[in-house]
Amino acid sequence: MEILVAPIPEENIAAWKEWATQLQDGAEFKEQMDRMKLTRHDAWLAYSRGGRVVVVVWEGEGETDFVANMIASDHPADKAHLKKAGQLHGVDFDAPSPSDAPPDPELVLDSRL
């Protein structure tokens, strides 16, 4: 399972919820999950002291490479997905990754031991 936490400006929350509903009800999203080899792609709106955040979880055979595969994809649905996510979260997925990008998350507490 992979997890992503992204801040979302208060003024974009209604549009994000509408988009999430459209994704959930649309065949393109299900096709995208199949193409990306995901069996789960869920999102929550959460609260933090720093403001609202979106927590996204995905699972499946393609989970590890999902973000990289989405960015590299030329499929129109994938491009549209990244564009909309970028608009809502203020991220330019077409920009090169910064050289000082943070490291991947590190599992520190694992209750499955």
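The values are calculated or read from the model by the stated rules, or taken from the named source; none is laboratory data. Note that the structure is predicted; figures quoted are calculated from it, not measured. Glycine gets a Cβ as well: all are built from the backbone with ideal geometry, and neighbour counts include every protein chain shown. Please note that ligands, DNA and RNA were not included when accessible areas were found on the heavy atoms of the full protein model with its side chains. Shrake-Rupley method; radii C 1.70, N 1.55, O 1.52, S 1.80 Å.
Quick notes on this one:
- Residue count, region 42-54 (criterion: surrounded by 14 or more Cβ atoms within 10 Å (Cβ to Cβ) and within 18 Å of residue 24 (Cβ to Cβ)): 2
- Residue match in region 18-41 (condition: in contact (Cβ under 8 Å) with a residue 60 or more places away in the chain and open to solvent by 100 Å² or more (accessible area, probe 1.4 Å)): no
- Annotation: of all residues in region 59-84 being without any contact (Cβ under 8 Å) to a residue 12 or more places away in the chain and assigned to a helix (DSSP H, G or I), the one that is surrounded by the most Cβ atoms within 10 Å (Cβ to Cβ) is 79.
- Any hit, region 19-42, residues being part of a helix (DSSP H, G or I) and β-branched (Val, Ile, Thr): yes
- Residue match in region 95-103 (condition: free of Cβ contacts under 8 Å to residues at least 60 places away in the same chain, in a loop (DSSP other than H, G, I, E, B), among the aliphatic types (A, V, I, L, M) and open to solvent by less than 40 Å² (accessible area, probe 1.4 Å)): no
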